[in-house]
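Written below as structure tokens is the structure these notes are about.
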Amino acid sequence: MARVCKICGKGRSTGMKVSHANNKTKRSWRANLKTVRGNFDGSVKRQLVCTDCIHSGRVQKVA
């Protein structure tokens, strides 16, 4: 799974799409990930981070 948050590990989640006739088919939701330039492990890198981690301040952004 390539699209995973670097900090919290949030990735794709799965479930069912349910029609009006109650037919069920598999579907997936992708995490809301953004590429952020920040301080990761003591060096400046670009990483995929979810918006929850960005808003909560778990990412130290670098200009």
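Just a few scattered comments:
- Using the Cβ-Cβ distance between Arg3 and Lys61 with R0 set to 30 Å, the FRET efficiency works out to roughly 0.90.
- Computed over the chain, relative contact order equals 30 percent, with contacts defined as Cα pairs under 8 Å that lie 6+ residues apart.
- Pairs of Lys in the chain closer than 22 Å at Cα, counting only those 8 or more apart or on different chains: 11
- GNM result for the chain, Cα springs below 10 Å: residue of Lys34, Lys45, Lys26 fluctuating most strongly: Lys26
- For Met16 and Asp52, a Förster radius of 25 Å and the Cβ-Cβ distance give a FRET efficiency of 0.55, rounded to the nearest 0.05.
- Around Ser56: net Lys/Arg minus Asp/Glu count, Cβ-Cβ under 15 Å: +4
- Reduced Cα scattering model of the chain, Debye log10 I(q)/I(0), q = 0.17, 0.21 Å⁻¹: -0.62, -0.79
Rule-based calculations on the coordinates, nothing more; no lab input. These numbers were taken from a predicted model, which means no experiment stands behind them. Cβ coordinates were reconstructed from backbone atoms using ideal geometry, including for glycine residues, and neighbour counts include every protein chain displayed.
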